[in-house]
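The structure appears right after this line, and notes come after that.
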Amino acid sequence: MATTLAHDRIDPARLLGEFIAGLDGDGAVASFTGLARPADRQGAAVARLRLDHYAGVTEASIEAIAAAARTRFPVSELCIVHRCGSIAPGEAIVFVAAAARHRRAAIEAADYLMDRLKTEAVLWKCEEGPDGKRWIEPDGDDHAARARWG
Amino acid sequence: MSEGTSFEIELCGRLADADGPLVAVALGGEAASIGDLKRALAQCYPALGEEMMQRRIAACVDDAIVPDSHVVRMGQRIALFPPLSGG
């Protein structure tokens, strides 16, 4: 199980390749990559997405989410790489991957990881654009998605 | 700010917008609850006043999330977290 808080740009294709290369006998891999958008929900331009973190606690929160997924789903390997710092539109914010013998467990584990990261990873998102900045908080859909898992 | 024990508090996310990421408040005793610190912050830093009254602001002491009733002493690592938004 690997979790990383990355301060520099991440390459999801390389991460997925390395993840698959490290497996032994699994039949399924599910992955998700979140990308920084060039516009906010109202369509205004976003020049940078800033992700603030709190050293030590952020890393622990991501590790705890991965550990919970490991006990909840029959997965053999998990990977979470989450960016922090200043992110350009189009760059990856987060990469998660889950491997299992069969697809359902891998898909559900990746879904679970993302739902919990959205609301429980110790990070704060701020969209910065020509019109100023705007802090992003989880919305009702995010909380409903998290609540699905109990 | 009154005389007393000074507590340094790290402000995370949007909480840092008005007064920066590190603020201090002084209280009379050697220990104080998180709730006491929030009320003192609201008085010393009016821009934070409304935020401090919201239950959505979590407190982190020595890397653990704690309730408002938790008692802290000078020198502990204290931070306040607005709602989280990863992923």
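The values are calculated or read from the model by the stated rules, or taken from the named source; none is laboratory data. Just so you know, these numbers come straight off a predicted model, no measurement behind them. All Cβ positions, even for glycine, are placed from backbone atoms using ideal geometry, and neighbour counts span all protein chains on display. Accessible surface areas use protein heavy atoms only, side chains included; no ligands, DNA or RNA. Shrake-Rupley method; radii C 1.70, N 1.55, O 1.52, S 1.80 Å.
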Within the group B:G87, B:G29, which residue is modelled with pLDDT under 95 and out of contact with any helix residue (DSSP H, G or I) (no Cβ under 8 Å at 6 or more places or on another chain)? B:G29
Within the range B:42-70, of all residues that are of a type outside the set (D, E) and out of contact with any helix residue (DSSP H, G or I) (no Cβ under 8 Å at 6 or more places or on another chain), the one farthest from the other protein chains (Cβ to nearest Cβ) is B:C44
So the check is Cβ under 6 Å with 6+ separation or different chains; which pairs have a first residue in the range A:37-65 that's closer than 13 Å to B:S85 by Cβ and open to solvent by 50 Å² or more (accessible area, probe 1.4 Å) and a second one that's in a strand (DSSP E or B) and among the polar types (S, T, N, Q)? A:R50/A:S86
Say whether the condition of being outside any loop (DSSP other than H, G, I, E, B), among the aromatic types (F, W, Y), modelled with pLDDT of 95 or more and open to solvent by less than 20 Å² (accessible area, probe 1.4 Å) is met by at least one residue in the range A:98-116. yes
Quick check: anything in the range A:119-127 surrounded by 16 or more Cβ atoms within 10 Å (Cβ to Cβ) and in a helix (DSSP H, G or I)? yes
Mind listing just one residue for me: the one in the range A:11-50 that is in a loop (DSSP other than H, G, I, E, B) and within 14 Å of chain B (Cβ to nearest Cβ) and, of those, nearest to A:V81 (Cα to Cα)? A:A36
Only unsatisfied item for A:D142, checking (1) closer than 22 Å to B:G13 by Cβ; (2) in a strand (DSSP E or B); (3) over 11 Å from the mean Cα position of the chain (by Cα), is (2)
Of the conditions (1) in a strand (DSSP E or B); (2) closer than 30 Å to A:G129 by Cβ; (3) under 14 Å from the mean Cα position of the chain (by Cα); (4) of a type in the set (S, T, N, Q), A:S86 clears all except one; give me its number. (3)
In the range A:51-79, residue nearest to A:E18 (Cα to Cα) [restricted to those that are in a strand (DSSP E or B) and more than 10 Å from chain B (Cβ to nearest Cβ)]: A:C79
Where in chain B are the helices (runs of 4 or more DSSP H), entirely inside, with at least 2 residues that are open to solvent by less than 20 Å² (accessible area, probe 1.4 Å)? B:34-44, B:49-52
A:D8 is checked against (1) of a type in the set (D, E); (2) open to solvent by less than 50 Å² (accessible area, probe 1.4 Å); (3) under 30 Å from B:R77 (Cα atoms); (4) more than 14 Å from chain B (Cβ to nearest Cβ) and fails just one. What number does that condition carry? (2)
